[in-house]
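The values are calculated or read from the model by the stated rules, or taken from the named source; none is laboratory data. These numbers come from a predicted model, not from an experiment. All Cβ positions, even for glycine, are placed from backbone atoms using ideal geometry, and neighbour counts span all protein chains on display. The area values use the complete protein model at the heavy-atom level, side chains included, leaving out ligands, DNA and RNA. Shrake-Rupley method; radii C 1.70, N 1.55, O 1.52, S 1.80 Å.
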Amino acid sequence: MGTLLSRLFGEKKLFGEKKRTSEIAVQRLGILIAHERNNRTTRPDYMPELQRELLTVIAKYIEIDLDKIDIQLEKQGDCDVLKVDIILPEGQDAGQ
Amino acid sequence: MRVIVVTSGKGGVGKTTTSAAFASGLAMRGFKTAVIDFDVGLRNLDLIMGCERRVVYDIINVINDEAKLTQALIKDKHCESENLYVLPASQTRDKNALTESGVEFVLSELEHMGFDYAVCDSPAGIEHGAVMALTFADEAIITTNPEVSSVRDSDRILGILQSKSRRALNGSEPVKEHLLLTRYSPKRVEEGEMITYKDVQELLRIPLLGVIPESESVLQASNQGIPTIHLKGSDVAEAYTDMVARFLGEKLPLRFVTYEKPGFIKRLLGGK
Ligand SMILES: Nc1ncnc2c1ncn2[C@@H]1O[C@H](COP(=O)(O)OP(=O)(O)OP(=O)(O)O)[C@@H](O)[C@H]1O
Ligand SMILES: [Mg+2]
């Protein structure tokens, strides 16, 4: 039903009103640019290597996708924080 | 002499259109100005400036000592002030012929000749040609369309300016960055289809030098080989004139950024 409707109306909503897509663009760009700037300014040379090694260690215990890990160096006040985000696959409860 | 690069990362956003208009605007304000095409292999500035039939030598000939700079510079015929010169790019050579020492030589010669400004029209991309165009820049005009890939590429070129320009490498005062939005359509912004100039500025966080509207007159100008700033009375010409004035330190409000809905009569008559 949804696809039929969207096929009929394309990007337009009912009553011909267009979707305000610019807000989505701004939101996506905000995330992307923050991410890329952070990599540019604070990413030391060893980061890709560190990311690879972390991944191999974690993969020994948990099945994860290669692209589900993200490591960042961030400034929080006076200290640098190494932030590691790992998204576990569904059904992989913590403490299992 | 101040060196200003017009750059963007992304192709086709309006760098050459802007270089031609901006350099002409500086000349009209009395500054001796050279506008240099860095797009080796794909020169186009000569066409936009309307001097393509007078090209004899190019920047690579000068770098290789096959011609004197004075022989390669083409005097612009649109500015009554007679202080604007075009330095074309080579159409045939390999891109690596544009060397860093060669560019440095050309710029220092221009300085000796008493030029006030050198405007460098960068090729698209983030490769050799684009890096050569920005290496010696004192200021950069980051030409951006209100569209996702252009905004992202502008941010990447900012990163390159901050890491590869001479000013960045020798730790002197950083390149002064200016944001120029081009091909802006207030109507599409109003309808929520296009990112607002305010959003682009907040995303990139560099000072806004101007907003150039999307306009049919740009094609009219390029058809004839006349820089858009000379199209008297057109929105684009006025927006570029304002931008030049702001560059020279004047405080001017933005124009052509809000959409005025056509009135009932205009709609009836089918006006735009
Ligand atoms: N304000 C504008 N309104 C409408 N069309 C425009 C505007 N500015 C530029 N254009 C058009 O966009 C196209 C690309 O412009 P231009 O050649 O200046 O871009 P560029 O950034 O130099 O491209 P390249 O990356 O290939 O060197 C041209 O057809 C030009 O006429
Ligand atoms: Mg161009």
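For the reader, a short list of remarks on this structure follows.
- Inside segment B:170-205, residues that are in contact with an Asp or Glu (Cβ under 7 Å, 6 or more places away or on another chain) and away from chain A (no Cβ under 14 Å) make up a count of 4.
- Among the residues of segment B:90-107, those that are open to solvent by 40 Å² or more (accessible area, probe 1.4 Å) and within 20 Å of B:SER19 (Cα to Cα) comprise B:GLN91, B:GLU104.
- Given (1) open to solvent by 70 Å² or more (accessible area, probe 1.4 Å); (2) under 30 Å from B:ILE160 (Cβ atoms); (3) at pLDDT below 75, index of the condition A:ILE31 fails: (3)
- Residue match in segment B:168-176 (condition: β-branched (Val, Ile, Thr) and out of contact with any Phe, Trp or Tyr (no Cβ under 9 Å at 6 or more places or on another chain)): yes
- Failed criterion for A:GLU17 (all others in (1) at pLDDT below 75; (2) more than 29 Å from B:TYR197 (Cα to Cα); (3) surrounded by 10 or more Cβ atoms within 10 Å (Cβ to Cβ) hold): (2)
- Complete set of residues in segment B:128-160 that are open to solvent by 20 Å² or more (accessible area, probe 1.4 Å), away from every other protein chain (no Cβ under 14 Å) and either free of Cβ contacts under 8 Å to residues at least 24 places away in the same chain or farther than 19 Å from B:VAL40 by Cα (or both): B:ASP138
Yes/no per residue for (1) more than 16 Å from ligand 1 (Cβ to nearest atom); (2) touching a strand residue (DSSP E or B) at 6+ places or on another chain (Cβ under 8 Å):
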| position | (1), (2) |
| --- | --- |
| B:ASN44 | no, yes |
| B:THR70 | yes, no |
| B:CYS79 | yes, no |
| B:SER122 | no, yes |
| B:ALA137 | yes, yes |
| B:ILE141 | no, yes |
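- Meets criteria (outside any loop (DSSP other than H, G, I, E, B) and away from ligand 1 (no atom under 13 Å from the Cβ)) for B:VAL131: yes
- Options B:LEU73, B:LEU87: the member that is open to solvent by less than 30 Å² (accessible area, probe 1.4 Å), in contact (Cβ under 8 Å) with a residue 40 or more places away in the chain and of a type outside the set (Val, Ile, Thr): B:LEU87
- Listed by position, the helices (runs of 4 or more DSSP H) enclosed by segment B:170-272 that each have at least 3 residues that are open to solvent by less than 70 Å² (accessible area, probe 1.4 Å) are B:197-204, B:217-224, B:235-247.
Listed here are the residues, each with its yes/no results for (1) away from ligand 1 (no atom under 16 Å from the Cβ); (2) aromatic (Phe, Trp, Tyr); (3) open to solvent by 40 Å² or more (accessible area, probe 1.4 Å).
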residue	(1), (2), (3)
B:THR7	no, no, no
B:PHE22	no, yes, no
B:GLY25	no, no, no
B:PHE38	no, yes, no
B:GLU66	yes, no, yes
B:MET113	yes, no, yes
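- Annotation for segment B:142-151: at least one member residue is under 21 Å from B:ARG246 (Cα atoms) and either assigned to a helix (DSSP H, G or I) or not polar (S, T, N, Q) (or both).
- Set B:ASP39, B:ASP58: member being closer than 30 Å to B:ARG152 by Cα, of a type in the set (Asp, Glu) and at pLDDT 95 or above: B:ASP39
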